[in-house]
Amino acid sequence: MKVLIVGSGGREHAIAASVAKSPRVDKIYCAPGNAGIGQLAECVPIGAMEFDRLTAFAKEKEIDLTIVGMDDPLVGGLVDVMEAEGLRVFGPRKNAAILEGSKAFSKDLMKKYHIPTAAYENFDDAEEALKYLETARFPIVLKADGLALGKGVLICNTLEEAKEGVRSIMTDKKFGSAGNRMVIEEFLTGREVSVLSFVDGKTIRIMTSAQDHKRAMDGDQGLNTGGMGTFSPSPFYTPQVDAFCQKYIYQPTVDAMASEGRPFQGVIFFGLMLTAEGPRVLEYNARFGDPEAQVVLPRMKNDIIDVCEACIDGTLDQIDLQFEDNAAVCVVLASSGYPVSYEKGYVIEGLDRFDGADGYYCFHAGTKQTEKGIVTNGGRVLGVTAKGKTLKEARANAYAAAEWVHFGNKYMRHDIGKAIDEA
Ligand code: AMP
Ligand code: GLY
């Protein structure tokens, strides 16, 4: 069969690598893709938001399955547009992708269906939000309602900071129209865990857990980024935590969406905080995490095509989702200066070391094929993933492999997976 993947990051490279393993697949296309994905798929220069061109391409090439990796096209309704033309697409429709597209929606959903999350208020008006802050407790968390490249969350320690935050989100529109509404919520403390799941509208199958590292610098210092590394599984995601989440969070979320007339088919990503009072939902995403996918998918035993089709067909209850009994760590190699400003265009050397190195992966995020070879083309450049029998072994392997690759201005965190030592 022929598969089209929509997106261009490390997550889409990890999806492409899983798809390439399926004996059912003859040909993979990726729009727009990147230099690494180009080694597994034919990349086509169509942007993820060019819905009409994507649909026309899928029809022309008789694509059997399209997998949408990114949030923007999902929230914008790409799945609906393609389905209207009779195409088979893995990912939530627009009315379900709102689970990620509007934080106010997701908070109201959790409140209505008693799904544990931080206490909150939604605001459409800056004046109301500023008034509310006068009597609030600090620290407090401000969230732009819409998509903001993972940067629309501000943790404010003082009233002054919070007022400034409200003005930047709602008045100055720092995150654009994402800030037309906002959520103000209680600050929670605890360990964070990312749990991805497959959903077919009624059944949910949980993947193995992972943990992201969002800050740019060692010791969780510096600015928030798209993610500087991940490990899987999380040793803090115990059977007790899983039992709680199965009962109070996962199935209740799927049922809530169905009750609202918004059946969810695709991947739900649960961003959880393990607080002293129990697990709480910090956020939902309507897609695989990036870089969580880079440690979760390499450990999945199932054929990803079988699972995606079961989500579309409503037969996920017949799938026994299985993961390898090992661990994986991903270290992101970034351009120094990310996420603020950085130079691009440096030649990347050492990529061929990964060819045939079993259990090692080099997922491309910001790279480009040029006459000089493959060059850096973004803030996050590569995600180096390695497996190991244990988390510690996987971490040692990933950091060893991170040294195989060289490029100008290469930057990485050196403490990805440090939390493993505290487990
Ligand atoms: P989000 O995009 O909603 O996942 O938020 C980004 C990051 O902000 C999360 O990964 C957390 O580290 C932090 N965060 C979000 N909500 C809260 C909260 N209520 N309390 C503490 N930290 C939070
Ligand atoms: N790693 C967090 C995200 O994909 O949103």
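Take the conditions hydrophobic (A, V, I, L, M, F, W, C), surrounded by 17 or more Cβ atoms within 10 Å (Cβ to Cβ) and assigned to a helix (DSSP H, G or I) and apply them to Val183. Does it pass? Explain how you work it out, then say what you get.
Working: hydrophobic (A, V, I, L, M, F, W, C): yes; surrounded by 17 or more Cβ atoms within 10 Å (Cβ to Cβ): yes; assigned to a helix (DSSP H, G or I): no.
Considered against the rule, which asks whether it is hydrophobic (A, V, I, L, M, F, W, C), surrounded by 17 or more Cβ atoms within 10 Å (Cβ to Cβ) and assigned to a helix (DSSP H, G or I), Val183 comes out as no.
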- Task: Restrict the check to the stretch 210-230 and report whether at least one residue is out of contact with any Lys or Arg (no Cβ under 8 Å at 6 or more places or on another chain), among the charged types (D, E, K, R), more than 16 Å from ligand 2 (Cβ to nearest atom) and under 30 Å from Cys330 (Cβ atoms).
- Result: no
Within the stretch 186-211, restricting to residues that are closer than 30 Å to Leu133 by Cα and of a type in the set (Asp, Glu), the one that is surrounded by the fewest Cβ atoms within 10 Å (Cβ to Cβ) is Glu186
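Hey, could you check the stretch 152-209 for residues that are among the β-branched types (Val, Ile, Thr) and closer than 30 Å to Leu316 by Cα and say which is farthest from ligand 2 (Cβ to nearest atom)?
Filtering the stretch 152-209 for residues among the β-branched types (Val, Ile, Thr) gives 153, 155, 158, 166, 169, 171, 183-184, 189, 193, 195, 199, 203-204, 206, 208.
From the residues that got through so far, the ones that are closer than 30 Å to Leu316 by Cα too are 193, 195, 199, 203-204, 206, 208.
Details: Val193: 12, Val195: 12, Val199: 17, Thr203: 23, Ile204: 19, Ile206: 17, Thr208: 15 Å.
Only one residue fits best here, namely Thr203.
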Counting only residues in the stretch 386-409 that are in contact (Cβ under 8 Å) with a residue 24 or more places away in the chain and assigned to a loop (DSSP other than H, G, I, E, B), the one farthest from Pro233 (Cα to Cα) is identified as Gly408
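Residue by residue through the stretch 257-307, note down the ones that are farther than 25 Å from Gln211 by Cβ and either out of contact with any Ser or Thr (no Cβ under 7 Å at 6 or more places or on another chain) or within 16 Å of ligand 2 (Cβ to nearest atom) (or both).
Let us first name the residues in the stretch 257-307 that are farther than 25 Å from Gln211 by Cβ, namely 257-263, 265, 303, 305-306.
Correct list: Met257, Ala258, Ser259, Glu260, Gly261, Arg262, Pro263, Gln265, Asp306.
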Of the residues in the stretch 1-41, those that are within 22 Å of Lys59 (Cα to Cα) and charged (D, E, K, R) come to Lys2, Glu12, Arg24, Asp26, Lys27
Residue count, the stretch 112-157, condition assigned to a loop (DSSP other than H, G, I, E, B) and away from ligand 1 (no atom under 16 Å from the Cβ), comes to 6
Taking the stretch 171-191 and keeping only residues that are touching a strand residue (DSSP E or B) at 6+ places or on another chain (Cβ under 6 Å) and closer than 28 Å to Arg93 by Cα, one is left with Phe175, Ala178, Gly179, Met182, Val183, Ile184, Glu185
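Each reported figure results from applying straightforward, stated rules to the coordinates on display, with no laboratory input. If you're wondering where the values come from, they're calculated on a predicted model, not measured in any experiment. In this analysis, Cβ positions are derived from the backbone assuming ideal geometry, glycine residues included, and neighbour counts consider all displayed protein chains.
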